[in-house]
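Input: a single structure, listed below in structure tokens.
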Amino acid sequence: MNEPTLSTRYDPTEVEERWYQRWQDAGLFQPEHRPSERRYCITIPPPNVTGSLHMGHALCYTIQDVLGRWKRMQGFETLILPGTDHAGIATQKVVESQLRQEGLTRHELGREGFVERVWKWKEESGGMILKQFKRLGFAFDWSRERFTMDPHYHDAVLRVFLDWYDRGLIYRGKRVINWDPGLRTSVSDIEVSDEVRQGKLYHIRYPFADGNGYLVVATTRPETMLADVAVAVHPRDKRYRGMAGKRVHLPLTGRTIPVIEDEYPDPEFGTGAVKITPAHDANDFEVGVRMGLDFNAPDQVPTCIDEDARVVAPNTPYHGLHRFEARKRIVADLEAEGLLERVEEHEVALKIADRSGEVIEPLLSEQWFCSMKPLAEPAIQAVKEGRIRFTPSRYADVYLDWMENIRDWCLSRQLWWGHRIPVYYTEDGIAIPAMNEAEAREKAGGADVTQDPDVLDTWFSSALWPFATLGWPDETEDLRRYYPTDVLVTARDIIYLWVARMVMDGLDQMKEIPFRDVYVYATVLAEDGKRMSKSLGTGVDPLEYINRFGADAMRFSLLVQTGMNQEIRFGEGPIQEARNFCNKIWNAARFALMHIGDKQLEEPPRSALEIEDRWILDRLNETIEAVGDALSRYHMMDATKRLYEFFWSEFCDWYIEACKRRLDGAEGDVPRWVLATCLERCCRLMQPFMPHITEEVWHRLPGVSQDSHLVYADWPSPEPAWQDAEARETFGMLQELVRAARNLRQEFGISPKETLPALYAQGLAESSADLVASLARFESIEAGAPTTPHVSAVAVGVDLHLPIEGLMDVEAEIKRLSAQLEKRGKELDEMMKRLSNPMFVERAKPEVVVAARAAAEQLRSEIE
RNA sequence: GGGCGAAUAGCUCAGCGGUAGAGCGCCUCCCUUACAAGGAGGAUGUCGGGGGUUCAAAUCCCUCUUCGCCCACCA
């Protein structure tokens, strides 16, 4: 036996840093390291360049790293391509707030100066998150890192825009859009959340122009009435029959507006009469369209709120007031004029901008839009025909539902950071699409042109990620080799924002799907089931856990909770367990290595194997299959749980304990070979999940060359010769026996450390006696029953008798026996009840009946 | 309003048609020469409620309740 050379506790920090460095130095993460005709590629979701690592990231990218490492071991030429997203709004906000601290605004710097400043920020402090990724051991090809504003990527973005522009898919138009007055930009529908807040519903009288009474409208935003163009009622609402065509005075303005009929008002709500403000409400806009209004004519479609959410109403006392101030003044004035009928408490559904938290102000403005229906059609087919598969499959419905009801996408953002819209205007306002200013000027016949000030929605560029990162529009070698990619691993909340758009863009530009599989992983929630959020203080920092427990433990603890579920509650428990598991691996390795030494052993002949050898090899086989199967289903929980169970409960608790008695001397070579084999296969099987500790252990095994890497070891396959149903059954029975014997000892207060002289067993095969004696701590197992006083138990048809002279508590023993008898009797009754039911015997599957009969027989013999 | 998920041991969750499982926690014993971040043994459940299908239901169907999420709408 060798002296222990490894410390009794596993210290991840040193090991993890050392190996990550070595892997990188050896260029292992680049597909060029081992070319193959079989290829596997993931272009990882680019985190925001402003981002820092949170649990959701840790899980998302760990899953992808596992898949990549697994495929690499299977011999695939594997590219996992990392990068970051320029994240227009988020990044602009970060730099603007830096400027604010310096007492500057972006306007003082000017557009060019500001953008330059953002690039400087990006070079210095952007992409922190990718450095944090390395702490988790991700085997990504850093030499191919991409950014959504790389010059080449920028060209790709413009090219798609111009292509769609030429095909008439992109158009400019006036619409009511979601305006974020804080960030002073439009945002798309899916970047806005609903929030119900307590507010008020104001009932306002609009007097008829003919002086005959009034009509009452209900509104939550009285300040918008300054831009009303009509009052709408439902055509079937009896209360307003015949009123269409009449005119009403619009209070506070001196204007009159018509009463119209439209399907839009809900007679059940409010008064059934709705004021129509096409410039400041999306529904009212639609009504305005039906009214045939000209949205370019200010007298037909007045506006009353500007981009700072201030009221625009020259020559009124409200001009220049903030929207909420104006609301108070207007309500007070209406009341003074006796036009405020009443005010109700009302739960108001507000639209809140996700990025800024500001209340959205719907504004009529000129924006760029993209028609989505033509793009969506092929993307719907791809999923319906199964060319793209969702896991779990239910998300396909979510995707299809959105796609089938898709609306046009507002592409323009009033920001400075991003891909500027490649459209230029002559002095006469003629729009010229072009890749750059020179081209535009040329097209304009040399005239001066100015570029559209807006930039594209960030998602416009991320939608190209799977092919623009590989070099498109150039026909690069990477593009040819790795597109389409294999899988997209993503969170539920960006199925619309990103997944759907990548599918559309991939099919449209590449004429091929961007990825075959979409795996939607669970949302990581705080322990109490609430969303993890920095601002709420409910977030936990993965880096802190990595420091405390190690990257392998961090990875394992997330994976073991990730199946087909849609959420994970993350507490400290699982990661402690995972850390303990690492420690267990470490110590089992210490034990095995101590005995194996540095001699590489040959596989012994089958006949030399004992029952425990045969059993553990059979279990190893089964584990190899189960883990591979789980991975191919993206079922991380199944894979990791099986590994945990095999290594800890089967290999450590049973095999190692069972083989100890045989480790001395020459015949010890057999269990030594088994130990080495199991340990080596486990390293390979666990490498994708826990790459550092497995690599460290693997390199201490005899026969492993120092310049080889577990990262590129072969993924294990089951050995047909190890399949052994008989060993499984026999060893299972021995386990039962050992448990029964240990239980007897414990119940009679016999110390676990004390080795007793003999246990009597009736019906135990002689060849198994040694094993049972060793595991249950007896010097020997004798056949038959002792003549001295003893206690008995029965397990798997074997009677066990433990001599216990002078120690027996008669009463306790009787109590124990009768309790056991009662339990078995109940089980037997249950079984007999089923068997005596003729319907059961007749209709159940034959093997079930046979099994039930056998179980009954077993119970009966135990009772006797 | 439409849809999706969840409800199983004190806690976190597996199981998804054939006698209720794991980890943590709990109780008892043990520092047994790999590991106390460990070992051995043990206790613990009307599988959310109610119907139905079936020889057999935690598992399939219907319904209700409670949580969570998504979409649409809310003057």
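The values are calculated or read from the model by the stated rules, or taken from the named source; none is laboratory data. Because the structure is a prediction, the values reported are computed rather than measured. No Cβ is skipped: glycine too gets one built from the backbone with ideal geometry, and neighbour counts run over all protein chains shown. Note: accessible area is taken over every heavy atom of the protein model, side chains too, but ligands, DNA and RNA are not part of it. Shrake-Rupley method; radii C 1.70, N 1.55, O 1.52, S 1.80 Å.
Net charge dipole, segment A:27-79: roughly 140 debye, given to the nearest 20, about the Cα centre with Cβ charges of +1 for Lys and Arg and -1 for Asp and Glu.
A simple charge model with +1 on the Cβ of Lys and Arg, -1 on the Cβ of Asp and Glu and nothing else charged puts the dipole of segment A:638-774 at about 360 debye relative to its Cα centre.
What dipole magnitude, in Debye to the nearest 20, does chain A give about its Cα centre under +1 on Lys/Arg Cβ and -1 on Asp/Glu Cβ? Let's see the in-between values first.
Working: 104 positive and 139 negative charges, 239 e Å.
Charge dipole of chain A: 1140 debye, to the nearest 20.
Among A:H107, A:H319, A:H346, A:H699, the sequence by solvent-accessible area, most first, with a 1.4 Å probe is A:H107, A:H319, A:H346, A:H699.
Percent of C-alpha pairs per 10 Å bin in segment A:37-88, short distances first: 24, 46, 23, 7.
What's the ranking of A:297-310, A:499-512, A:433-446 by average number of surrounding C-beta atoms within 10 Å, highest first?
Details: A:297-310: 16.6, A:499-512: 21.7, A:433-446: 14.9.
Per-residue Cβ counts within 10 Å, averaged per peptide and sorted highest first, yield A:499-512, A:297-310, A:433-446.
Could you tell me which of A:G68, A:Y655, A:Y318 has its Cα farthest along the dipole of chain A towards the positive end, charges placed at Cβ (Lys, Arg +1; Asp, Glu -1), taken about the Cα centre? Checked the options; the winner is A:Y318.
The C-alpha atoms of chain A define a longest principal axis, and helix A:282-291 lies at about 40 degrees to it.
The mean sequence separation of alpha-carbon pairs under 8 Å and at least six residues apart, normalised by the residue count of segment A:379-498, gives a relative contact order of 21 percent.
Can you work out the base-10 log of I(q)/I(0) for segment A:214-310 at q = 0.19 1/Å, using the Debye formula on its C-alpha atoms alone? Cα-only, vacuum Debye calculation for segment A:214-310: -0.89. Simple rule: put +1 on each Lys or Arg Cβ and -1 on each Asp or Glu Cβ in segment A:130-204, find the dipole, and look at A:L158, A:T148, A:V192; the Cα lying farthest toward the positive end is A:V192. Structural descriptor for chain A: relative contact order 13 percent, calculated from alpha carbon pairs under 8 angstrom and at least 6 residues apart.
What is the calculated FRET efficiency for A:E527 to A:Q21, with r their C-beta to C-beta distance and R₀ = 35 Å, to the nearest 0.05?
Details: r = 34 Å, r/R0 = 0.98.
Computed FRET efficiency for A:E527 and A:Q21 comes out at 0.55.
Counting only Cα atoms, segment A:520-668 measures 64, 31, 22 Å along its principal axes, largest extent leading.
Per-residue SASA remark: A:S125, around 50 Å² accessible (1.4 Å probe; ligands, DNA and RNA not included).
Pop the C-beta distance of A:T787 and A:M733 into the FRET formula with R0 = 41 Å and round what comes out to the nearest 0.05. The partial results should precede the final answer.
On the way: r = 27 Å, r/R0 = 0.66.
That gives a FRET efficiency of 0.90.
Rounded to the nearest 10 degrees, the inclination of helix A:12-25 to the longest alpha-carbon principal axis of chain A is 70 degrees. Here the relative contact order of segment A:434-561, from alpha carbon pairs under 8 Å that lie six or more residues apart, stands at 18 percent. Measure nothing but the geometry: give the 0 to 90° angle between the long axis through the Cα atoms of A:373-384 and the longest principal axis through the Cα atoms of chain A, rounded to 10°. The helix A:373-384 is inclined about 20 degrees to chain A. Cross-link reach is defined here as a Cα-Cα straight distance under 17 Å, omitting same-chain residues fewer than 8 places apart; for A:K641 the aspartates and glutamates meeting it are A:D552, A:E577, A:E622, A:E625, A:D629, A:E650, A:D653. Across the options A:V398, A:A349, A:I421, the greatest Cα extent toward the positive end of the charge dipole of segment A:328-437 (unit charges at beta carbon of Lys, Arg, Asp, Glu) belongs to A:V398.
Peptides A:643-655, A:267-279, A:166-178 ranked from most to least packed give A:267-279, A:643-655, A:166-178, packing being the mean of other C-beta atoms within 10 angstrom over each peptide's residues.
Against the criterion of solvent-accessible heavy-atom surface with a 1.4 angstrom probe, A:K93, A:K641, A:K328 sort, most first, into A:K328, A:K641, A:K93. Of the accessible area of chain A, computed with a 1.4 Å probe over protein heavy atoms only, carbon and sulfur atoms account for 48 percent.
Dividing the C-alpha radius of gyration of chain A by 2.2 N^0.38 Å, with N its residue count, gives 1.28.
Which of the pairs A:K200/A:K275; A:K238/A:K351; A:K246/A:K328; A:K599/A:K660; A:K200/A:K351 have their Cα atoms more than 23 Å apart in this structure?
On the way: A:K200/A:K275 16 Å; A:K238/A:K351 33 Å; A:K246/A:K328 29 Å; A:K599/A:K660 19 Å; A:K200/A:K351 16 Å.
Flagged as over cut-off: A:K238/A:K351; A:K246/A:K328.
Any idea what diffusion coefficient segment A:347-430 gets from Stokes-Einstein, in µm²/s, Kirkwood Rh on alpha carbon pairs, 37 °C, 0.692 mPa s? Translational D for this selection: 197 µm²/s. Each stretch of four or more DSSP H residues adds -39500 (n - 2.57); spread over every residue of chain A, this sum gives -12500 deg cm²/dmol at 222 nm. Cα convex hull, segment A:62-125: 111 Å³ per residue, rounded to a whole number. Averaging the Cα positions of each part gives two centres, and for segment A:631-656 and segment A:174-225 these lie 59 Å apart. With the highest mean first, a sort of the peptides A:132-139, A:847-854 on other beta-carbon atoms found within 10 angstrom per residue produces A:132-139, A:847-854.
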